[in-house]
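J.: One structure, as structure tokens, below. Some questions next.
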Amino acid sequence: MNIIKDFNIIKFFINKYAYILLLFLLSLFFYNKFNIFLNILLTSLIIFVNIFIIIKIINKKKINVIINEIILEINKIFWPTHLETLRNAFIITIIIVLTSLILYFLDNIVFYFINSIIFL
């Protein structure tokens with residue numbers, strides 16, 4: 001019985017997010033089809049409907065529960081130290097330089113072969 005209730009809750013949230021996605025995709029599809037006044041009207045309508053759906057989703061849970069979940073998720077975040085950040089930035093810089101050198105030499109080789117074929 002509890003599994004069915006959990007499934008209904010999951011289905012409820014999926015339906016709400018599906019409606020938001022559907023409205024967003026419809027706004028992208030119809031954006032170039034109408035004049036500017038209708039674009040503004042449709043965009044405003046879609047924004048208000050999305051805000052209404054989000055408010056309904058938030059009202060299903062109590063605000064305290066949402067704040068506690070946010071705090072728990074923030075506490076799970078692992079922030080790197082300054083030394084780790086510098087080390088990672090240094091490694092990324094080296095990889096970018098090596099990749100750019102490889103692409104430079106490959107480009108020169110291809111350019112040389114194309115020139116040799118053209119000027120036979």
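Here, each number is a calculation from the coordinates, and none is a lab measurement. All figures in this text were calculated on a predicted structure; none of them were measured in a lab. Neighbour counts run over all protein chains shown; Cβ positions are idealised from the backbone, glycine included.
J.: Only counting other Cβ atoms within 10 Å, I'd like 112, 19 sorted with the fewest neighbours first.
T.: 112, 19
J.: For residue 26 paired with residue 56, estimate the spin-label separation in nm (one decimal), with each label point 7 Å from Cα along the Cα-to-Cβ line.
T.: The two pseudo-label positions are separated by 1.3 nm.
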